[in-house]
Amino acid sequence: MKITFPHMGNLFIPLKVLFDILEIDYAVPSLSRCKFEEGIAHSPEFACLPFKITLGDLLDGIEQGADHILYGGGCGQCRFGYYADLHEAILKSAGYDVTMIRLDSSNMTFQELMGKLKPFTEGKSKARLVRGILSAVNTVLMADRLSKTAAWIRCREQQKGDTDKVMRRFNQRIIKAKGYKEIKQLIHSARKQLRSIPVDLEFKPLKVAIVGEIYTSIDPFVNMEMESKLGSLGVEVHNHLTISSWVIDHGIKKVLPLKLKNKAHERGKELFDTDDIGGHGLQTVGNAILSAQKGFDGVIHTYPFTCLPEIVAQCSFGEIQDQYGIPIMTLIIDELTGKAGYETRIEAFVDMLERRRQLELQKTMREAF
Amino acid sequence: MTKIGLPKALFYYQHSAVWEGFFRNLGCEVIVSGDTNKEILDRGVRCCSNDTCLPVKVFHGHVDILKGNVDYVFIPRYTCLINREYTCPKFCGLPEMTYLNLDKQVRLLEISLNVETGHMEAAKGLKTVSKSLDLDYRAAEEAFQNALRELEQGYKKCENSFGEPVAKERDRKRQTLAVLGHPYMIYDKYLSMKLLEKLRSRNISIVTPADLEYQTKRRHAVPYQEKVFWEVGLDNLGSAFVFAGSENIDGIIYLTPFACGVDSFVIEFIERRLKSDYTVPFLKLTVDEHTGEAGFDTRLEAFLDMIG
Ligand code: SF4
Ligand code: SF4
């Protein structure tokens with residue numbers, strides 16, 4: 001038995017830890033998405049981009065010998081909830097014989113969850129299981145912290161490209177690494193290397209928040225390395241959606257009998273008088289408002305072409321820009337998005353933010369003297 | 001008399017009677033926007049982002065046309081009308097979406113419908129309704145309960161009582177085609193490019209999901225029987241396989257708007273299963289704001305010729 005799973009940002013790192021501890025054989029789809037084209041060819045034309053890319057991931061994993069597919073999920077009221085079934089149907093008619101293991105945290109009790117995981121946990125001690133889960137959770141936190149550190153350093157580095165070099169090397173190694181110890185070690189050493197990059201502490205970077213659909217916001221392949229691009233332009237990037245917050249929202253909060261609220265989601269209700277507009281739509285709205293209040297210079301909103309909840313969320317941005325005075329740019333991504341035009345738009349947006357900041361500064365100076 | 005505008009789009013095609021009744025009961029005059037036309041479409045396109053689905057764009061156009069002639073435009077917020085069956089996410093945010101896209105230049109009334117919370121969220125909208133219409137809250141509440149009952153009954157009975165099995169006897173002289181799609185696509189003459197009329201004029205008889213019993217459709221909605229799915233998805237999915245399994249259906253046409261997230265999945269499920277388990281001819285017709293009628297007709301005719 002060999003297991004594979006669709007990528008979602010750096011989720012593969014904690015999953016590796018978990019599988020290694022439980023001694024489960026697995027295949028990690030390549031980060032360069034070598035089956036990207038095939039995934040698209042097998043998908044319906046108007047499926048959202050994450051569907052097509054994750055299908056490519058699965059094909060990649062299957063080619064590496066996987067016969068089981070692990071699906072995490074439950075993302076409010078949206079197409080995401082139906083990915084697994086359609087992926088299964090497509091894989092089947094393409095002649096692949098795989099077993100799907102679906103973990104839908106929004107519709108499952110803890111018992112059901114453990115039932116689904118039985119083939120993997122059978123014969124393994126409880127202690128090992130607990131150790132696996134705790135180590136995986138700890139890894140998520142470490143991996144997200146590493147990304148945050150990278151974002152902080154990248155915009156301040158003296159030698160452009162230093163941060164990306166470290167992170168690229170890290171990604172190459174981590175995908176091959178085995179076991180909690182080695183993975184932890186790699187994260188630590190990457191952190192150390194990041195910290196030794198010479199930075200300009202005087203530099204005052206523009207601060208930009210990325211909000212939107214989770215997949216496009218956090219996956220560097222999907223968003224064409226938006227974070228590095230912004231960082232290289234001297235922008236400090238804050239990504240409000242992270243794997244750790246996703247795991248907390250969709251895993252931990254659902255399993256624990258607590259009714260914790262997501263702050264951004266609640267804030268989004270300021271403009272939408274309802275509990276849910278599907279997916280992470282309300283969080284997008286809330287995060288845009290919160291970013292304005294936290295004094296960010298701008299917001300970049302990103303989502304896959306035809307994404308239902310984000311189209312609804314986007315309607316509120318004119319209002320947010322007016323009310324809170326923060327510029328928001330929307331970048332819609334699909335498989336045909338050209339990198340050149342995309343980067344030009346990012347550059348133009350950053351230029352505009354910079355000019356805006358200068359004007360503000362001049363105004364403050366004039367008023368002060 | 002307070003004038004309430006009902007946009008002739010989206011929910012209108014299934015629930016117009018319920019909401020017209022609701023407002024008339026409350027002593028209002030109900031004004032329905034006219035049939036969709038080019039101007040309405042253009043207005044809608046202008047206020048929506050490009051990748052918004054066609055029916056929602058058109059909905060905006062209807063509201064835009066209505067807003068000057070009425071006191072309020074009514075937009076219900078459908079979240080869930082039947083347990084474990086959800087509407088498209090766009091329906092949950094529709095009131096605000098329209099309001100914001102029209103630059104807040106429209107006065108709206110809104111009522112939330114979510115059966116899973118016992119329609120608790122409706123109270124807020126009803127309060128606004130009763131205040132705006134200068135009515136007692138209890139009157140609004142009562143009219144609402146009536147409306148709910150009607151909505152519920154609407155699901156239980158099937159309107160054309162075509163029933164199961166599809167058509168008792170085969171009419172040898174006439175072909176029968178099944179037309180699938182959102183009600184606001186197939187029954188909107190402009191968006192459907194008069195598909196139903198065109199078929200009828202060729203003496204073809206037509207069946208749609210509205211001709212099947214609710215339970216029949218749910219039972220056949222592979223792979224989502226008993227499972228959580230989109231409401232309209234279940235209708236089309238189930239109908240497709242009921243029709244495909246009937247000897248009396250000569251072909252199935254699925255009319256889908258550009259950029260519909262729900263259809264993109266539903267049609268894929270249907271097409272795959274039709275290919276592997278059935279022989280019935282299937283045609284998917286996609287309509288967007290640039291679709292020319294000529295091209296549409298050519299595709300339709302080619303299909304009709306094929307099934308002979
Ligand atoms: S949130 Fe957007 S990208 Fe995710 S499933 Fe829904 S439509 Fe697709
Ligand atoms: S179901 Fe499709 S056509 Fe209807 S509102 Fe949703 S995306 Fe648009």
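The values are calculated or read from the model by the stated rules, or taken from the named source; none is laboratory data. The structure presented is a predicted model; accordingly, all values stated were derived computationally and were not measured. Reconstructed Cβ throughout: ideal geometry from the backbone, glycine too, with neighbour counts over all protein chains shown. All accessible areas refer to the heavy atoms of the entire protein, side chains included, with ligands and DNA or RNA removed. Shrake-Rupley method; radii C 1.70, N 1.55, O 1.52, S 1.80 Å.
Descriptive notes on the structure:
- Take the accessible area of chain B alone and of chain A alone, subtract that of the pair, and you get about 3000 Å² summed over both chains, using a 1.4 Å probe.
- Couplings 3J(HN,Hα) for the stretch B:231-243, derived from phi with the Karplus relation 6.51 cos²θ - 1.76 cosθ + 1.60 (θ = phi - 60°), are 4, 5, x, 5, 4, 6, 4, x, 4, 3, 7, 5, 5 Hz, where x marks Gly and Pro.
- Heavy atoms of residue B:187 accessible to a 1.4 Å probe, total area in Å² rounded to 10: 80 Å²
- Diffusion constant of the stretch A:1-151 at 4 °C, which comes from Stokes-Einstein with the Kirkwood Cα-pair radius and 1.567 mPa s, µm²/s: 80 µm²/s
- Calculated [θ] (222 nm, deg cm²/dmol) that DSSP helices of n ≥ 4 give over chain B, each run adding -39,500 (n - 2.57): -14000 deg cm²/dmol
- Whole-Hz couplings from phi, Karplus 6.51/-1.76/1.60, listed for the stretch B:216-223; x for Gly and Pro: 4, 5, 5, 5, 9, 7, 5, x
- Peptide A:82-91 - average C-beta neighbours from other chains (10 Å radius): 4
- Residue B:31 long-range amide H proximity, modeled H, under 5 Å: B:4, B:5, B:6
- Calculated FRET efficiency for the pair residue B:276/residue A:148, C-beta based, R₀ 51 Å, to 0.05: 0.60
- Amide H contacts of residue A:64: none lie under 5 Å away among residues 5 or more positions distant or on a separate chain (H built 1.01 Å from N in the peptide plane; Pro and chain starts excluded).
- Shape category assigned to the stretch A:96-179 from the gyration tensor of Cα positions, a/c cut at 1.5: prolate
- Global geometry of the stretch A:133-236, whether rounded, prolate or oblate, following the gyration tensor of its Cα atoms and the 1.5 cut on a/c: oblate
- Prolate/oblate/rounded label for the stretch B:92-162 (Cα gyration tensor, a/c 1.5): oblate
- For the protein assembly as shown, the Kirkwood hydrodynamic radius from C-alpha pairs, put into Stokes-Einstein at 10 °C and a viscosity of 1.306 mPa s, yields a diffusion coefficient of 58 µm² per second.
- Drop in accessible area of at least 40 Å² in the complex versus isolated chain, residues of the stretch B:76-100, 1.4 Å probe: B:89, B:90, B:92, B:96, B:97, B:100
- For the stretch B:226-262, heavy-atom accessible area (probe 1.4 Å) falls by no less than 10 Å² from the chain alone to the full protein assembly at B:227, B:228, B:229, B:230, B:258, B:259, B:261.
- Of interest is the spacing of the C-alpha centroids, which for the stretch B:48-119 and the stretch B:221-268 amounts to 24 Å.
- Accessible area (Å², 1.4 Å probe, nearest 10) - residue A:25: 80 Å²
- Directionally averaged projected area (chain A, Cα convex hull): 19.3 nm².
- Annotation: lysines with alpha-carbon distance below 21 angstrom to residue B:8 (same-chain offsets under eight excluded): B:38, B:57, B:67, B:90, B:104, B:189, B:194.
- For residue A:303, the shell of other residues with beta-carbons less than 12 Å away shows a net charge of -4, using +1 for Lys and Arg and -1 for Asp and Glu.
- Summary value for the stretch B:1-82: 41 percent relative contact order, contacts being C-alpha pairs under 8 angstrom separated by 6+ residues.
- Per residue solvent-accessible surface (Å²) - chain B, probe of 1.4 Å: 43 Å²
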